[in-house]
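Each remark here refers to the structure printed beneath this line.
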Protein chains: 4
Amino acid sequence: MNFASDNVGGAHPAILAALAEAAASGPAAAYGADPYSAALAARLGALFEHAVAVFPVATGTAANALALAALTPPWGGVLCHAHAHIQDDECGAVEALSGARLLPVPGADGKLTPALLAARLATMRRGDQHQVQPAAISLSQATECGTLYRPAEVAALGAFARDQGLRLHMDGARFANAVARLGCAPAALTWQAGVDVLSLGATKNGALAAEAVLFFDRDLARDFSYRRKRAGHLLSKMRFLSAQLLAYLDHDLWLVNAQRANGLADRLAAGLAAVPGLALAHPVEANEVFVEMPAALAERLLGAGAQFYPWGPTAADGRGCYRLVTGFDTPETAVRQFIALARGTAESA
Amino acid sequence: MNFASDNVGGAHPAILAALAEAAASGPAAAYGADPYSAALAARLGALFEHAVAVFPVATGTAANALALAALTPPWGGVLCHAHAHIQDDECGAVEALSGARLLPVPGADGKLTPALLAARLATMRRGDQHQVQPAAISLSQATECGTLYRPAEVAALGAFARDQGLRLHMDGARFANAVARLGCAPAALTWQAGVDVLSLGATKNGALAAEAVLFFDRDLARDFSYRRKRAGHLLSKMRFLSAQLLAYLDHDLWLVNAQRANGLADRLAAGLAAVPGLALAHPVEANEVFVEMPAALAERLLGAGAQFYPWGPTAADGRGCYRLVTGFDTPETAVRQFIALARGTAESA
Amino acid sequence: MNFASDNVGGAHPAILAALAEAAASGPAAAYGADPYSAALAARLGALFEHAVAVFPVATGTAANALALAALTPPWGGVLCHAHAHIQDDECGAVEALSGARLLPVPGADGKLTPALLAARLATMRRGDQHQVQPAAISLSQATECGTLYRPAEVAALGAFARDQGLRLHMDGARFANAVARLGCAPAALTWQAGVDVLSLGATKNGALAAEAVLFFDRDLARDFSYRRKRAGHLLSKMRFLSAQLLAYLDHDLWLVNAQRANGLADRLAAGLAAVPGLALAHPVEANEVFVEMPAALAERLLGAGAQFYPWGPTAADGRGCYRLVTGFDTPETAVRQFIALARGTAESA
Amino acid sequence: MNFASDNVGGAHPAILAALAEAAASGPAAAYGADPYSAALAARLGALFEHAVAVFPVATGTAANALALAALTPPWGGVLCHAHAHIQDDECGAVEALSGARLLPVPGADGKLTPALLAARLATMRRGDQHQVQPAAISLSQATECGTLYRPAEVAALGAFARDQGLRLHMDGARFANAVARLGCAPAALTWQAGVDVLSLGATKNGALAAEAVLFFDRDLARDFSYRRKRAGHLLSKMRFLSAQLLAYLDHDLWLVNAQRANGLADRLAAGLAAVPGLALAHPVEANEVFVEMPAALAERLLGAGAQFYPWGPTAADGRGCYRLVTGFDTPETAVRQFIALARGTAESA
């Protein structure tokens, strides 16, 4: 019953098999000049129906920080949700690698809207040398609350960004979960909606360690290879990143895995919502379930061996919010057991 | 006949098997709180006969830059060989992640000596606010010329560093090749000789992407976890780095692989040195062969399908220096074929 | 009627005279090894009743950013008021020179309290490598709302800082205005209350360009000379900074000037508060007056030649907040004229 | 007999008078929107016969570091003389404010030539993501050896820079000394010769603290105001920088002062060269004299109260090189006395 995160998972056998094949394929040019990396760029171009400049890296933090560094000068500001991963969970990596300041904006269910962003921008002085200058917007898809932006929502934010002279970045650590749920084309959630750069995650959804920075506007990528190398993020045996990502896309593995995780989250949410005293804090749209319950109950569940994290402090009435995450390899039994445990514990309380 | 680098190699089956096992081992805590990572620290402590703080990362550039960032303030200077990898091949990553300036020092066969360092330091003003202040020395073991520091040589540099109030870092991208050749204990080349921090490489010698920063003085490591995260170098599924490194150490795989590569380099060197017109530029002590030959000959060898790099510009007499690197999985036939090709081409010229 | 800022002012004749004397005093060692700089350190030590390490610089932004850089690691966080100058008006200089992230905290009348800070800290995870780590608190004295911290208020914040393992910085761009108003010893507002480092301003209060960073804990200053030089903030003819600061302290000029500016602010506030439709937004405790009035009225006052700035956006009811600042050399007639203008314009509306 | 540096000098009365006038001129907009700053830009445009973007700052280190930051990306390299001030005497400020690496090039008499630069560039791999990419050249005029680049020499370097796709910066801390000696138009030494950005110094030649960054290509200056502010180098009462610079240019004060200092250096050089055992190390073309003499003699001169610095270590034969600098306010008697002292001491030895 480990719902601590989707990065507690292992790796998918198909991705391991691809690594084994790549490992045995004989010498290959280093640093991305290998056939796997060439194939990856072509594959992603086809998938996104747009020419892309692709830069694989080993962590999502690197993908986000380097992508944003390409979009903002050191005196720039990056508008993001107040609970975005780049704000709350990356120890200042965006600032460290770009120089920019994050400009956090609160928003319901983890989501930004043009109106929220406009209100935040209205407090800033554009063109004034005394202030950090807004340069980019960063969206998380799925959000930190497990919710999703629909294509029209991204497009509205993209239009807002263009109007305001801002670049648009998408942190797609759980992009697969979004596409799997929404059933739309990747293009509709990205460049067609105004996204300039996507951090495409694979690690949480079946890879060992593989993310890719995708530039839809290739001019923006002109200097990216230097940025990546200078930050220590250019892997020498790049084939092993590219091979993971290729296997991730092959046979729609990324969507199959995400669909499974999403489905388990749905079942978990439905089961927990039916337990007296429990309530969902946000719509469940990807693979994360946020549930409110008495802290005492949560303690007992954790004591019984379940794993999940509190999400924010316990309120004065003794209730807290807790996050449960399902992954591509979460056992169905874990979901069933946890629902039963929650029900049993709640009823015996 | 690919001798371009040891990072053109694949990965060792035992390391792949370890990854497969780790991938199927069920959920594990992320970010290094997993059993593989715990075992790794213990294993490295035993191997080095000293308690160590261990931080796996995915690239050697990250290992070097982050290790040095822990040893120097932003206004510090890092003494290194004029052709050190951190100086010539990492696009300023040390400067980017530490703020420090590299202070390159020329030295025969890629090696530094206390005398060379003392001469360089004599040109600097210690304690003068107008100058970058020397803070650390970085050695490469093996060096960029494929030569090795003996334990006594490292110890002399370690004593010099202590005398001068400097910290000592070792870039051990090819540390295995050194230990395999010298037959000494890892301790004798590191902390017993005054090394504070080691970048221990595995990628070039059989891993897919795995390096470890080892602190022998654990006080120096106090803030390292923040440095690593902030630079985007904390992998979420850390077990996959640790599992690679464990398999690398198991059954002395690191030494077996290095011995094989070293042996092939010896054979390559012996074969080439016997070809008329060819001469070794440096002693062959690890897995790199530097050979001088007419540039026209080198062109023909490359044209025939061999792969290797020129090392510096062609001299006025038409001769150049070329680097050939063997790896853990370089085929013996490639060595034989290349020697034969070189001999045949040279004789037919 | 120029109330735009206290930096629209000129310079005090006594400070100019000191510059002229220093200019004609013959050769003097550069970079702070001159007699003026030595005298300054002694004078400030006496004034603050505590040994201090003193570092003059030419701008308040430099003083703040360098002071904070000495208090926080690059992954640190600096708690400050949501409208602190370092947050709103320095284009990210603290981040640029320290690496740290600012952690803005809203608070009434520009002021922080232990309770507000505790609430902010409660949302952060101390010791978690994924988050920026709180390292320091920065107070502005006077605040951006023209209010003051009493000695007991600073002491409460100082005790809180110590409890939390945080350092305490005071942005004293208008420190003189605070001391002049509160009538307390400088020590009572600084080291006795737990302040580690003070940015002591003189520019707004009669100097041409002179600020000083004062460390009460001299261990914290150990590396400051390198930080200052490396950021380009070490003036070669340092005597000209030190001479300004000495003249600023001589004959209590700093307090005389501040008292005058404070008194003019009092008169301005009293006069404006008596105009129908105008209201003070914050208590007037230093040399800044924040007044709420209809935006249309403000437009007319500006149109009539008065100079002052809006402070935030106009509200839906058409009223806005405006800042008026008096300085050491603001003419009394300007105050009288402006009050009369405001009254006349308001009544004719 | 203080020849330690030209920054041991005081300030010129005309510049002090200008400060006094500016101080008493009533309120003026801050941060450069004042009439003095407007006049300065026009004046410099006329003097240089070219539209310029002008940014006054208080230190030469800031001028150089910020100017170069505008010319190079963080992964860029700046070619400079091995003994350039930015390399030897600014504690890494260029690196700190730009991210770039300095690429020092030795050259006789402190001077760079296209051939020297071409040789240095030949060792680097342009367009290779593993290396810092050459982005700019920085010349010092006068050089650190007190020599000058003629207009044709600068033009040759400018043409080389354009050919190589590099920007050209001139550190003109002693630009006045160069123009005064060469008798050429400022334009001929700068934009007409390919210089993109000039750090124009006034501090060493009569100002209290005033330097200006001049962009001849105004596109390069687009973001400079943010860079300056973010580094803490935007003075609030900017009129006091601009007023110094205006007075510096008025009535050719800059050239008069420089001519006087140059002339004193000539006399000092002639006098010393005639002393047995003394020899000039470099041609004396500006206001610096480098003289070789026995270290024992130098000790006695210093012991007799003269002030000057050794320039590099004492050689094995007991002789050293020493730098003597004259300034706009060096007394003629100091020059006469020092020559007499040197002669007398040498003869009595």
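Residues of region A:208-230 that are open to solvent by less than 10 Å² (accessible area, probe 1.4 Å), within 14 Å of chain D (Cβ to nearest Cβ) and aromatic (Phe, Trp, Tyr): A:224 alone.
Mind checking which residues of region C:120-140 are in contact (Cβ under 8 Å) with a residue 40 or more places away in the chain, over 20 Å from residue C:83 (Cα atoms) and surrounded by 17 or more Cβ atoms within 10 Å (Cβ to Cβ)? Passing the criteria: C:132, C:133.
Within region B:305-321, can one find any residue that is in a helix (DSSP H, G or I), more than 30 Å from residue A:11 (Cα to Cα) and touching a residue at least 24 places away in the same chain (Cβ under 8 Å)?
Checked region B:305-321: no residue is in a helix (DSSP H, G or I), more than 30 Å from residue A:11 (Cα to Cα) and touching a residue at least 24 places away in the same chain (Cβ under 8 Å).
Take the residues of region D:22-36 that are of a type in the set (A, V, I, L, M) and assigned to a helix (DSSP H, G or I): which is farthest from the other protein chains (Cβ to nearest Cβ)? Outline the logic, then answer.
If we filter region D:22-36 for residues that are of a type in the set (A, V, I, L, M), which is where we start, we get D:22-24, D:28-30, D:33.
Imposing the further condition that a residue be assigned to a helix (DSSP H, G or I) reduces the set to D:22-23.
Details: D:22: 7, D:23: 4 Å.
By that ranking, first place goes to D:22.
Going by the conditions given, is residue D:176 out of contact with any strand residue (DSSP E or B) (no Cβ under 7 Å at 6 or more places or on another chain), more than 14 Å from chain A (Cβ to nearest Cβ) and touching a residue at least 60 places away in the same chain (Cβ under 8 Å)? Considered against the rule, which asks whether it is out of contact with any strand residue (DSSP E or B) (no Cβ under 7 Å at 6 or more places or on another chain), more than 14 Å from chain A (Cβ to nearest Cβ) and touching a residue at least 60 places away in the same chain (Cβ under 8 Å), residue D:176 comes out as yes.
Can you find a residue that is touching an Asp or Glu at 6+ places or on another chain (Cβ under 6 Å) and either within 23 Å of residue D:56 (Cβ to Cβ) or away from chain D (no Cβ under 14 Å) (or both) anywhere in region C:38-58?
Scanning region C:38-58 turns up at least one residue that is touching an Asp or Glu at 6+ places or on another chain (Cβ under 6 Å) and either within 23 Å of residue D:56 (Cβ to Cβ) or away from chain D (no Cβ under 14 Å) (or both).
How many residues are assigned to a helix (DSSP H, G or I) and over 21 Å from residue A:64 (Cβ atoms) if we restrict to region A:165-175? Count: 0. Between D:146, D:158, the distinction of being out of contact with any helix residue (DSSP H, G or I) (no Cβ under 6 Å at 6 or more places or on another chain), more than 14 Å from chain A (Cβ to nearest Cβ) and crowded, with 21+ Cβ neighbours inside 10 Å belongs to D:146 only. Scan region A:185-192 and give yes if some residue there is under 14 Å from the mean Cα position of the chain (by Cα), free of Cβ contacts under 8 Å to residues at least 60 places away in the same chain and in the same structural domain as residue A:78 (by TED's automatic domain parsing), otherwise no. The answer is yes; a qualifying residue exists. Each residue in region A:76-104 was checked for being open to solvent by 10 Å² or more (accessible area, probe 1.4 Å), in a loop (DSSP other than H, G, I, E, B) and not acidic (Asp, Glu), and 3 pass. Here D:51, D:39 are screened, and the one residue that is touching a Lys or Arg at 6+ places or on another chain (Cβ under 7 Å) and either over 30 Å from residue D:92 (Cβ atoms) or not in a helix (DSSP H, G or I) (or both) is D:51. Of all residues in region C:17-64, those satisfying the criterion of being surrounded by 20 or more Cβ atoms within 10 Å (Cβ to Cβ) and free of Cβ contacts under 8 Å to residues at least 60 places away in the same chain are C:27, C:61. Would you check if there is a residue in region C:97-117 being touching a Leu at 6+ places or on another chain (Cβ under 7 Å), within 30 Å of residue C:181 (Cα to Cα) and within 11 Å of another protein chain (Cβ to nearest Cβ)? Yes; the residues of region C:97-117 include at least one that is touching a Leu at 6+ places or on another chain (Cβ under 7 Å), within 30 Å of residue C:181 (Cα to Cα) and within 11 Å of another protein chain (Cβ to nearest Cβ). The set of residues in region D:9-49 that are at positive phi and modelled with pLDDT of 95 or more comprises D:31, D:32, D:49. Output the residues belonging to region C:1-36 that are over 16 Å from residue C:244 (Cα atoms) and aromatic (Phe, Trp, Tyr). The one that is over 16 Å from residue C:244 (Cα atoms) and aromatic (Phe, Trp, Tyr): C:3. Residue D:251 satisfies every condition listed in (1) surrounded by fewer than 24 Cβ atoms within 10 Å (Cβ to Cβ); (2) not in a helix (DSSP H, G or I) except (2). In region A:179-207, the qualifying residues are those that are part of a loop (DSSP other than H, G, I, E, B) and open to solvent by 10 Å² or more (accessible area, probe 1.4 Å), and the one that is farthest from residue B:22 (Cα to Cα) is A:194.
Within this structure, residue A:234 fails the test of being within 14 Å of chain B (Cβ to nearest Cβ), part of a helix (DSSP H, G or I), open to solvent by less than 10 Å² (accessible area, probe 1.4 Å) and closer than 25 Å to residue B:242 by Cβ. In region C:263-280, of all residues being surrounded by fewer than 19 Cβ atoms within 10 Å (Cβ to Cβ) and within 22 Å of the chain's Cα centre (by Cα), the one that is farthest from residue C:320 (Cα to Cα) corresponds to C:263. For region C:287-297, the criterion of being part of a loop (DSSP other than H, G, I, E, B) and in contact with a Leu (Cβ under 8 Å, 6 or more places away or on another chain) is met by at least one residue.
The values are calculated or read from the model by the stated rules, or taken from the named source; none is laboratory data. Values in this document were obtained by computation on a predicted structure and should not be read as measured data. As a convention, Cβ positions derive from the backbone with ideal geometry for all residues, glycine included, and neighbour counts pool all protein chains shown. Keep in mind that these areas ignore ligands, DNA and RNA; they rest on the heavy atoms of the full protein, side chains included. Shrake-Rupley method; radii C 1.70, N 1.55, O 1.52, S 1.80 Å.
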